[in-house]
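First comes the structure, then the notes that go with it.
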Amino acid sequence: MHWVSTLSREQTIPRAVAETCGAVLTQMGGRSVDLVLIFASPELGGDFAYLGRLIQQQLGSAVLVGCAGGGLIAQGQEIEDEPGLVVTAAHLPGVTVTGFHLEMADLPDLDAPPLAWQERLGVMTDGPFLLMAGGGMDLEVLLAGLDYAFPTSPKLGGIASGSQPLLFLNEQCHTRGVNGVALRGNIAMDPLVAQGCRPLGQKHEITGCEDYLLTQLDGMPPVEVLGRVLGAASQRDRQLAQRNALFVGLLADEFKQASVNFLIRNLMGVDRQRGALAIGQPLRVGQTLQFHIRDGAASSEDLDQLLHNYVANSGASTVQGCVLFSCLGRGESFYGSPNHDAQAVQRHLGAIPVGGFFCNGEIGPVGATTYLHGYTAAIGFFRPLS
């Protein structure tokens, strides 16, 4: 197994393709290219319909998957709102690489058996998935189906961002659906999901709700509970809350109380007449909810701790490549300095090849279930199984 990742800041597609593909071929040293991941800035000049074809002409008939991103990640750098192209390539002996495109109408019925999903994707066994999404897809339905059909497969990815939600699969260019790649054989992907928020106050039980509307917390109006939480908070946290940095966390697994087990969701609005709160996800009575504050310092500490634990408790020494899907809400404006997430990976794992982009939503697991996240960094480390 051999991974490389290259970045071009050229402003046109032909020149960016020439620079990145030339670097890939040099670093591959004559090895075959089996997988190509591309992340392109919408600001690149040229016809994106031909981007995949141009790259495959340079690198061969490897499976190519990718998307557009409002920011790009490679080589310890994060390029935000500027032209650029990232090409990450892998030589994967003993690995079967299967690319696929799915529209909403392609998904099997919710009552269909796992075999229906396996046949639709042309994939019959478990192994890592990478997913890039555009418009017109209910990702919660897709992820639930993939978890059902491939329960031990880690799934990671993000929603295309920037002015054009472009998806690339080999020579094709889409704006809707999901492009993905399934990797089977001598390959493992270790996923990490780093949150961008920290808990505020205590945990509460949802005792009343109507779909997205939270009507009761611990038997009280949610607005009253929130007022008490903010009243007991520090001045800094109250100031952050006033700057739209207040969110809610829903416990993904009631049997695991760790902070990383919370799904961060937007606080959409307030119904003061009823004392209710609108949350960016359907709710159910009995769920555990905790208010969260979006905080750059806490987010940085969380990412560092996750990476430290991964290196200390796993076979990180055998990692050959990495993908990094970071939220558009992270980056320099959030942390106050550039290249934060990319350089954190390098600090802990060295100069491994990293490719990725800034997403409109991140896909990654919490426990055994795959979720759509916000404000997170979803990271996948690739290593051989043997």
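Determine Rg/Rh for segment 197-293; Rg is computed over alpha-carbon atoms and Rh is the Kirkwood hydrodynamic estimate from the same atoms.
Looking at segment 197-293, the ratio lands at 0.93.
To the nearest 20 debye, what is the magnitude of the charge dipole of segment 197-293 about its Cα centre, counting +1 on the Cβ of each Lys and Arg and -1 on the Cβ of each Asp and Glu?
So the dipole magnitude of segment 197-293 works out to roughly 400 debye.
In Å, what Rg and Dmax follow from the Cα atoms of segment 22-70?
Looking at segment 22-70, its Cα Rg and Dmax stand at 11.5, 33 Å.
Compute the normalised compactness of segment 60-148: alpha-carbon radius of gyration over 2.2 N^0.38 Å, N being the residue count.
Relative to the rule-of-thumb radius for its length, segment 60-148 sits at 1.31.
Taking loop as defined by DSSP and a crowding limit of 14 other beta carbons within 10 Å, which chymotrypsin sites (Phe, Trp or Tyr not before Pro) in segment 309-350 fit?
Hits after loop and neighbour filter: nothing returned.
In degrees between 0 and 90, to the nearest 10, how far off the longest principal axis of the chain does helix 222-232 point, with axes built from Cα atoms?
Between helix and principal axis, roughly 90 degrees.
Dipole size in debye (nearest 20) for segment 263-386 around its Cα centre, Lys and Arg Cβ +1, Asp and Glu Cβ -1?
340 debye
So which GluC sites (Glu not before Pro) in segment 70-130 are both in a DSSP loop and have at most 15 other Cβ atoms within 10 Å of their Cβ?
Glu103
For segment 197-293, build the charge dipole from Cβ charges (+1 Lys, Arg; -1 Asp, Glu) around the Cα centre, then report which of Val270, Gln239, His292 sits farthest towards its positive end.
Positive-end residue among those listed: Gln239.
Hey, what angle do you get for helix 139-149 against the long axis of the chain, alpha-carbon based, 0 to 90 degrees rounded to 10?
The two axes meet at around 70 degrees.
Do any trypsin sites (Lys or Arg not before Pro) in segment 159-266 lie in a DSSP loop with no more than 15 other beta carbon atoms within 10 Å, and if so, which?
Those satisfying the criteria are Arg243, Lys256.
Over the alpha carbons of segment 280-343, what is the largest minus smallest coordinate on each principal axis, giving the biggest first in Å?
44, 30, 19
What is the dipole size for the chain, taken about its Cα centre, with +1 at each Lys and Arg Cβ and -1 at each Asp and Glu Cβ, in debye to the nearest 20?
Value, rounded to 20: 560 debye.
For every other residue with a beta carbon closer than 12 angstrom to the beta carbon of Gln281, add +1 if it is Lys or Arg and -1 if Asp or Glu, then tell me the sum.
Once all neighbours under 12 Å are counted, the net charge is 0.
None of the figures in this text is laboratory data; all of them are computed from the coordinates on show. Every value quoted in this text rests on a predicted model; they were computed, and no experiment measured them. Methodologically, a virtual Cβ is constructed for each residue, glycine included, from the backbone with ideal geometry; neighbour enumeration extends over all protein chains shown.
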